[in-house]
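Shown next, in structure tokens, is the structure this report addresses.
All of the numbers you see were taken from the coordinates with simple rules; none came from a lab. Quick caveat, the model's predicted, so the values are computed rather than measured. In this analysis, Cβ positions are derived from the backbone assuming ideal geometry, glycine residues included, and neighbour counts consider all displayed protein chains.
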Number of protein chains: 2
Amino acid sequence: MLDVSISTVSKALNDSHEISPATKERIREAAKLYNYQPNRIAVNLKSGKANTIGVVIPSIQNFFMTQVLRGIESVIAETPYNIIISITNESYEKEAQIVNTLTQGFVDGIIVTVSEETFIKKAYDHFRSFDNRKALLMFDRVVGDVVCDKVLVDDEDAVFKATKELLASGRKQITLTSTISNINVGKQRIKGYTRAVQPIHDPVLISDTVENIEDKVKILLDQGKVDAIVALDEEASLASFRAGKAKKVLDNKAVSVIGYTSKKIAENLTPNLTTIDQDGVRVGELAAELLLKKLKKPLKDPESIIVNSIYNKRFTS
Amino acid sequence: MLDVSISTVSKALNDSHEISPATKERIREAAKLYNYQPNRIAVNLKSGKANTIGVVIPSIQNFFMTQVLRGIESVIAETPYNIIISITNESYEKEAQIVNTLTQGFVDGIIVTVSEETFIKKAYDHFRSFDNRKALLMFDRVVGDVVCDKVLVDDEDAVFKATKELLASGRKQITLTSTISNINVGKQRIKGYTRAVQPIHDPVLISDTVENIEDKVKILLDQGKVDAIVALDEEASLASFRAGKAKKVLDNKAVSVIGYTSKKIAENLTPNLTTIDQDGVRVGELAAELLLKKLKKPLKDPESIIVNSIYNKRFTS
DNA sequence: CTGTTAGCGCATTCAC
DNA sequence: GTGAATGCGCTAACAG
């Protein structure tokens with residue numbers, strides 16, 4: 001149309017040194033005028049690269065995940081890579097489908113938190129089978145069997161230490177509540193709790209739905225069998241908190257509740273909730289950095305990094 | 001390798017009627033064995049379709065957005081389409097870049113909430129310029145000038161009604177707090193508030209950062225110039241709430257706070273927070289349905305749908 | 001400095 | 001019922 005060949009256009013737009021400044025300028029103007037945009041799909045197909053990394057997570061309704069996303073984004077923003085996020089809703093089928101789709105040309109690598117159903121089914125083939133040249137990194141909920149880079153949180157240790165703190169502050173009957181016992185993260189945390197209380201008393205585990213946790217905690221409180229609760233996730237934390245409020249044992253400090261909750265919630269509750277804080281942003285940053293490293297040197301051995309949590313005491317006693 | 005041509009394989013895998021059941025079976029087995037996956041990029045390039053819709057939002061750190069995402073996903077899950085989500089972090093540049101990338105072959109249509117910076121800059125070209133055959137839908141924060149399908153929330157009306165309720169319950173000095181006055185949603189809500197209080201008293205607007213809101217509300221409370229606060233977003237709600245708690249005017253019901261907050265937060269605060277609830281899931285569902293409709297009939301005239309909010313009273317007085 | 005050609009991986013006519 | 005050839009939009013090696 002402008003009396004030049006197609007490849008000249010391509011070269012001009014890519015600022016090739018073999019095109020004269022004059023024609024470059026003409027072509028660029030025409031491109032702007034006609035609002036030409038190179039078809040990324042074709043570029044990807046040709047180059048075999050996507051310049052995109054995929055993030056596959058079970059849910060977005062939780063503070064930790066949004067923090068991790070922020071961390072990933074802050075790192076990736078400094079690179080030419082784009083991010084696409086997909087949500088599995090804790091479904092194995094959806095996870096497998098998404099991982100397959102993404103790795104079929106859309107992305108160069110993926111960052112994954114494994115869904116609950118996948119853990120229950122122990123079905124990990126979708127992580128093993130895809131083209132080895134795609135980079136894979138798991139964070140938070142990882143599968144031991146699958147060989148890949150990993151970014152972990154010190155779940156067992158963090159809960160162990162937090163429980164110890166409770167014991168040190170004079171608590172004698174500590175109950176654990178959880179809605180996430182099906183996934184390895186939950187199991188690790190239970191280990192930490194158990195290891196801490198074992199010398200003092202038998203572990204008391206309430207591993208159930210939100211509603212049932214609230215009811216069961218109330219019963220235990222009525223029986224006077226609890227003076228502290230360790231909650232493993234936000235749902236369990238709030239259920240335990242509500243039970244304590246209902247039984248009026250929180251404001252007078254008869255019972256302490258500590259849990260995994262966002263700062264925003266913990267600080268606005270009355271009384272404030274003591275929490276175990278995970279550094280989600282750091283997890284995301286490390287995950288992104290590690291993946292980028294692997295993208296550059298695909299042959300490197302897989303690494304695992306552990307990010308420590310912080311015990312954020314907000315009660316007095 | 002299996003003594004058939006490339007096109008036979010393609011047809012067999014796509015279940016073409018021109019291939020004999022026998023060879024189909026052989027090819028499928030081989031495909032499974034070698035874990036063959038058709039390259040989606042190539043398929044897209046060939047077909048000109050992506051079977052994917054893009055969701056572009058400014059942030060994910062807020063309950064409404066996660067609800068909308070759930071709504072979108074529940075609808076899209078019933079279709080052959082995939083979803084990819086991208087976050088703009090309220091940045092114009094990122095938004096423009098993402099919209100351009102996605103529409104260059106990755107997606108068939110996009111669902112967008114416009115970022116704050118884009119509103120401030122009034123820079124909407126990236127929404128106008130892309131290929132008309134891509135479908136575009138805006139929700140929540142929409143640009144009046146841009147012609148496309150829209151799903152809106154009844155911002156002005158909802159705040160108008162809520163403020164009226166406060167007045168009806170005997171409140172006489174209502175202050176508004178907001179961190180979102182730069183975007184049209186915030187402006188609409190301010191209109192609703194103003195329209196409601198105007199007959200009674202001059203509007204009092206605290207439009208600031210979270211920290212400043214908390215301080216300014218405290219000052220107003222000290223001066224005895226407020227007996228109710230309408231907060232336009234979660235940050236403002238919690239800042240106003242903390243100020244009220246600090247001044248001990250909430251538990252004795254001297255002051256009412258109502259705001260935009262997730263149920264999870266509202267119900268666990270003491271006292272519970274009265275809220276204006278947006279039906280995010282419904283917004284997402286409608287957005288997805290409308291976009292799918294447009295994908296089928298690209299020539300239809302743009303539609304706008306308004307989703308009503310619900311006033312969820314949790315205080316007594 | 002510019003144009004011709006081939007090929008990325010697939011689906012789809014059109015012959016056979 | 002099967003295979004050879006063409007092209008999706010682009011880049012890059014090669015000629016001119």
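Put in order of Cβ neighbour count within 10 Å, fewest first, the listed residues B:T8, A:T209, B:T177 become A:T209, B:T8, B:T177. Mean sequence separation of contacting Cα pairs (under 8 Å, at least six apart), scaled by the length of the stretch B:1-134, corresponds to a relative contact order of 25 percent. For the stretch B:155-277, take the alpha-carbon Rg, divide it by the Kirkwood Rh, and send me Rg/Rh. Using only Cα positions, Rg/Rh for the stretch B:155-277 is 0.92. State whether the stretch A:7-49 is rounded, prolate or oblate according to the following rule on the C-alpha gyration tensor (a ≥ b ≥ c being the square roots of its eigenvalues): a/c under 1.5 gives rounded; otherwise a/b larger than b/c gives prolate, and the remaining case gives oblate. It is oblate, given that a/c is not under 1.5 and a/b is not larger than b/c.
Rounded to the nearest 20 debye, the dipole magnitude of the stretch A:1-152 is 300 debye, with +1 charges on Lys and Arg beta carbons, -1 on Asp and Glu beta carbons, and the Cα centre as origin. Projecting the Cα atoms of A:S237, A:Q173, A:I206 onto the dipole axis of the stretch A:155-277, where Lys and Arg carry +1 and Asp and Glu carry -1 at the beta carbon, places A:Q173 farthest toward the positive end. In this assembly of identical copies, the label point of A:I200 (Cα plus 7 Å along Cα-to-Cβ) is separated from its counterparts by 5.1 nm, sorted shortest first. The ranking of A:F160, A:F106 by Cβ neighbour count inside 10 Å, starting from the fewest, reads A:F160, A:F106. The H on the amide N of B:V307, modeled in the peptide plane, is under 5 Å from the matching H of B:L152, B:V153, B:D154, each at least 5 residues off or on a different chain. Taking every Cα-Cα distance in chain A and sorting them into 20 Å bins from zero, the calculated P(r) comes out as 29, 43, 20, 8, 0 percent. With label points set 7 Å from Cα along Cα→Cβ, the inter-copy distances at A:K263 are 2.8 nm, sorted shortest first. How much of the DSSP beta bridge set in the protein assembly as shown is antiparallel, as a percent to the nearest 5? Beta bridges within the protein assembly as shown, antiparallel portion: roughly 10 percent. Annotation: the residues A:D279, A:D155, sorted from fewest to most other C-beta atoms within 10 Å of their own C-beta, follow the order A:D279, A:D155.
Answer rounded, prolate or oblate for the stretch B:56-124, using the Cα gyration tensor with square roots of eigenvalues a ≥ b ≥ c: rounded when a/c is under 1.5, else prolate when a/b is larger than b/c, else oblate. Here the stretch B:56-124 falls in the oblate category.
When a/c reaches 1.5 or more, the comparison of a/b and b/c decides; with that in mind, is the protein assembly as shown rounded, prolate or oblate per its Cα gyration tensor? Oblate, because a/c is 1.5 or more while a/b does not exceed b/c.
Across identical copies of the chain, A:P38 has label-point separations of 2.7 nm, listed in ascending order, with the point defined 7 angstrom from Cα along Cα→Cβ.
Only one residue of A:I306, B:I72, B:P38 has its Cα farthest out toward the positive end of the dipole of the protein assembly as shown, where Lys and Arg carry +1 and Asp and Glu -1 on Cβ, and that residue is A:I306. What's the FRET efficiency of A:K248 with A:Q198 using the Cβ-Cβ distance as r and R₀ = 30 Å, to the nearest 0.05? Once the sixth-power term is evaluated, E becomes 0.45. Between B:S7 and B:N35, the C-beta separation translates, for a Förster distance of 30 Å, into a calculated FRET efficiency of about 0.90.
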